[in-house]
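In what follows, a single structure is set out as structure tokens and then discussed.
The values are calculated or read from the model by the stated rules, or taken from the named source; none is laboratory data. Please read these numbers as outputs of a predicted model, since none were measured by experiment. No Cβ is skipped: glycine too gets one built from the backbone with ideal geometry, and neighbour counts run over all protein chains shown. Keep in mind that these areas ignore ligands, DNA and RNA; they rest on the heavy atoms of the full protein, side chains included. Shrake-Rupley method; radii C 1.70, N 1.55, O 1.52, S 1.80 Å.
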Amino acid sequence: MKLTAWRILSHCRDAEEAEAVACLEGVHMAMRWSEIPMILESDCHTVVANFHTKGHDRSALWQVFVKLHDAGSQLCQLEVIKISRD
């Protein structure tokens, strides 16, 4: 099963913020099927790296990453991988 979504972000600082918010929205969608292992793909290295970081960082997006970690921990399995933009 593949899940996709889109929406307009009216206040977005940059592409990194847009990708982080999109990943958070994707994890929230996946929570409807929390018993199924999920793979989240992103072409943004920073978002993937911050997801795998187990500490707090001082980026402007730290709140989004905290929410992403919290939501991801409610799934039975979540693998976040970096994909190519090609």
Table column - 3J(HN,Hα) (Hz), the range 58-64, Karplus curve with 6.51, -1.76, 1.60, x for Gly and Pro
10, 6, 5, 9, 4, 5, 5
Per residue, how much accessible surface does the range 3-61 expose to a 1.4 Å probe? Answer in Å², no decimals.
69
Pseudo-spin-label distance Asp14 to Arg32, built 7 Å along Cα→Cβ, given in nm, is 3.3
Spin-label pair Arg58/Ile83, simplified geometry with 7 Å Cα→Cβ offset, distance in nm
3.5
Find the Rg to Rh ratio for the range 36-77, where Rh is the Kirkwood radius over alpha-carbon pairs and Rg uses the same atoms.
0.96
Going by average Cβ neighbours within 10 Å, how do the peptides 9-16, 61-68, 76-83 rank, with the highest at the top?
61-68, 76-83, 9-16
Tally up the carbon and sulfur contribution to the accessible surface of the range 23-86 as a whole percent, 1.4 Å probe, everything protein left in place.
51
Residues whose built amide H sits under 5 Å from the amide H of Asp43, excluding neighbours closer than 5 in sequence, are Ile83
Hull-based mean projected area of the chain, where the convex hull spans the alpha carbons, in square nanometres
5.8
Any lysines with Cα under 21 Å of the Lys54 Cα? List them, leaving off those in the same chain fewer than 8 positions away.
Lys67, Lys82
